[in-house]
Structure formats: C-alpha cells, structure tokens
Amino acid sequence: LQTLYDEVRNYASPITLDLRPMHLDRVIREAWDSVDMLKDGSSATLEVRGVENLAPLPIDSFRLTQLFRNLFENARAATATRVTVEGRDVCENGSFQVRLRVFDNGPGLSDEVRNRIFEPFFTTKTKGTGLG
C-alpha cells in the first residue's frame, strides 16, 4: 500500500526538475546497468548510437534514469534480446533539439494496448500500477 500511495502521490504532485548539465550517454548506461543487475534471466544487450557524440544537456538525471529504466525493464520483460537507443541533434523551426529513439526487437504492442499506453493506471502487468 505504501508503494502504491507513493506512486499516486508522485504522479499527482507538481514536478520540480533538478536540471544539471550531463551527458545522456552516461544516464542511459547507468539505467541499463541498474536494470541489468536485476538478473532477470534476460540476455538482452544494449546498443547506443550517436548519443555519445551529443554535448552535455541540462537534464534531471534522476527522472531521466527512471524513464530509461522503465523502458529497459519493459523491453526485457517482453523478451527483447536487443535494445537500441539512437540519438542525434536536430533543428526544427529554428530550435535545436535532441531526438532520441528507443527500440527493441520484442513482439511489440497490440492495437488495444497501444491506444491505452498513456492512460494513468493502465497496465498489462500483474503487479504493475500503470504509473511508470
């Protein structure tokens, strides 16, 4: 109950970011290493392309690591054997941005799940809260 309470409280509370310049490559690899240590029986590998060439960005490393952990945990749970993160600088409408793509070779999402994936409390996991 405490975990569920904390997740709901965190979901509903205003987000205050702690932005500091950091390399995305470091955050991605730390997230992968923390998931890889779970020894979930997965033999998945991580491939990172283009991210190591990006300049440090003002990011909240805790929240971004949490995001990548969720993505990596989901990919491994879906029996993906390879997870790839691609990054590159882009300029759209005169604004410089970083575009990241994360993909794996798992089975993908059904249409029903894809349509509901961003609904709060929706989950396909037996022990999930749907707030990840």
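Coordinate-derived values only; no laboratory data. A quick note: this is a predicted structure, and the numbers were derived from the prediction, not measured. Here the Cβ positions follow ideal geometry from the backbone for every residue, glycine too, while neighbour counts run over all protein chains shown.
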Computed over the stretch 61-132, the relative contact order (Cα-Cα under 8 Å, seq sep at least six) in percent reads 23 percent
Here P(r) for the stretch 1-91, Cα-Cα distances in 5 Å bins, as whole percents, is 3, 12, 19, 20, 18, 15, 10, 2, 0, 0
Taking Lys and Arg as +1 and Asp and Glu as -1, residues besides MET22 with C-beta under 14 Å from its C-beta add up to -1
Per the helix-only model, the chain has a calculated mean residue ellipticity at 222 nm (DSSP H runs of ≥4, -39500 (n - 2.57) each, divided over all residues, rounded to the nearest 500) of -11000 deg cm²/dmol
Per GNM of the chain with C-alpha springs under 10 angstrom, the most fluctuating residue out of ILE28, ILE15, ILE59 is ILE15
Summed over the other residues with a beta carbon less than 12 angstrom from that of THR81, with K and R at +1 and D and E at -1, the charge totals 0
When the charge dipole of the stretch 47-115 is computed with +1 on Lys and Arg Cβ and -1 on Asp and Glu Cβ about the Cα centre, the Cα farthest towards its positive end, among ILE59, ALA80, LEU100, belongs to ALA80
Under the 7 Å Cα-to-Cβ spin-label approximation, SER110 and ASN53 lie apart by a distance in nanometres of 4.1 nm
With +1 at each Lys and Arg Cβ and -1 at each Asp and Glu Cβ, the charge dipole magnitude of the stretch 18-102 around its Cα centre, to the nearest 20 debye, comes out at 120 debye
For the pair ILE15 and ARG99, the simple spin-label estimate (label points 7 Å beyond Cα toward Cβ) gives in nm 2.1 nm
Classified through the alpha carbon gyration tensor (a ≥ b ≥ c as square roots of its eigenvalues; rounded if a/c is under 1.5, else prolate when a/b is larger than b/c, else oblate), the stretch 58-132 comes out prolate
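Calculate the FRET efficiency for LEU38 and VAL90 from the Cβ-Cβ distance with a Förster distance of 25 Å, rounded to the nearest 0.05. Don't jump to the answer; show the numbers that get you there.
Values: r = 33 Å, r/R0 = 1.33.
For R0 = 25 Å, the calculated efficiency reads 0.15.
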Here the longest stretch of the chain that holds no chymotrypsin sites (Phe, Trp or Tyr not before Pro) in a DSSP loop having at most 15 other beta carbon atoms within 10 Å is 1-117
Interchain or sequence-distant (5+) residues whose placed amide H lies within less than 5 Å of the amide H of ASN105 are THR81, ARG82
